[in-house]
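Only the coordinates and a few stated rules stand behind these numbers; no lab work does. Note that this is a predicted model, so its numbers are computed, not measured. Glycine gets a Cβ as well: all are built from the backbone with ideal geometry, and neighbour counts include every protein chain shown.
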Amino acid sequence: MTSLTALEVGVSLALQICLIVGACQWLLRCAQDERIGERVWTCSQVLILILTALAWTLPHLRLIDFRDLIQVTEASRITRYESTLASCIYYTWICGVSIQLLRLASGIVQSQRLIRAARRLEDCRANVFLSAEDRDNLSGELEFRISRQVETPFCWQISRPIIVLPKALSEAPLAEVQAIVRHELAHLRAGHPLHLFLQRLVETVHWYHPLVWWSSAKAARSRELVCDDKAVRSADEAVDYLKGLLLLTQSSAERIRLSAGAALQGTGSLLQERAARIARRTWSLPTPAGTGACRKLLLVTALCGLIWLPVNVSASNRSVWSPWPRWSASILHELGITVRDYEIDSHRLLQHKHYSETSFTK
């Protein structure tokens, strides 16, 4: 893949992400039910990762073309400028990805250290934090740990399901602890630690995109709201849960960023919003599945995959398909499958040496 093709892919992906995030917001507004946001935002992050992988692996359609309007001499000059711009963008992107990978790795290591340093509860004591209904619905082993280093509970699911509780919460009234534990159980049952890890991958690859960070904040908010709905099943449980949240907000210690563990997230404003939402909740209203919105988002993503900006002036108008990336084309060549990994007529933009007739006679 040449630098110009890479520039074409990068710029087009940025536009496609804008359209996908905009489609998510539009679908949620049309649904008028924010409870499906968790599923929609998670689906969008998975689709962004898939779209990114396909963009750097397969050829794409070039439905928009204005290269006939550019003269060859002008195209050569634009090509040089675009090559320089593509190189600058590439090295800047590499630096950003490296920083994000270091942050992700640091968060994972920090989470593991917190878990190892936390005191593990014996099964007989841990079962006290679970109500009878939660124990019946529990599949597999669940490990509880108590930590003095954290001020908010979080769950971990990479190797085995673990819930880490702060020391202050473990000494709270049992009903309040059980309400908070139900919230963390909802994170584990929904697979939110994995969703958070996928979100971090999207943030790592597309760190430059402001809408990626905006959608990540929306996804984190939606995860907390949907787990609040699953943790609180009656008005009495709502009172206990709100008391537990109040206890957590009273702590002033530094919050630790967890890259692979789903923590009980929330700034002061978000916690106030969640508390107000729980107070006015209608208990008989079931949580919608949100599968219809995800299917619509899948269709929108497929259409977005057809939008590629014509920024590569070296692209040929003799084919509506871009060349295969060289790394994937080389794999196919090893398998005996011949594909095109070069631009048709790209030689027309190269500088050629012209020899006079006398130079050949010599």
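Observations on the structure shown:
- Shown in residue order for the stretch 150-165 are the 3J(HN,Hα) couplings computed by the Karplus curve 6.51 cos²θ - 1.76 cosθ + 1.60 at θ = phi - 60°: 10, 10, 10, x, 8, 10, 9, 9, 6, 9, 7, x, 9, 10, 9, 10 Hz (x for Gly and Pro).
- Sorting the segments 195-202, 294-301, 150-157 by their mean number of nearby beta carbons within 10 angstrom, highest to lowest, gives 150-157, 195-202, 294-301.
- Here the gap between I50 and E74, fully extended at 0.36 nm per residue and compared with their Cα-Cα distance, gives a gain of 5.0 nm.
- Largest-first principal axis extents of the Cα set of the stretch 143-193 (Å): 27, 22, 15
- A Förster distance of 25 Å, applied to the separation of the beta-carbon atoms of L102 and L270, puts the FRET efficiency at 0.35.
- Using the Cβ-Cβ distance between V320 and K167 with R0 set to 51 Å, the FRET efficiency works out to roughly 0.20.
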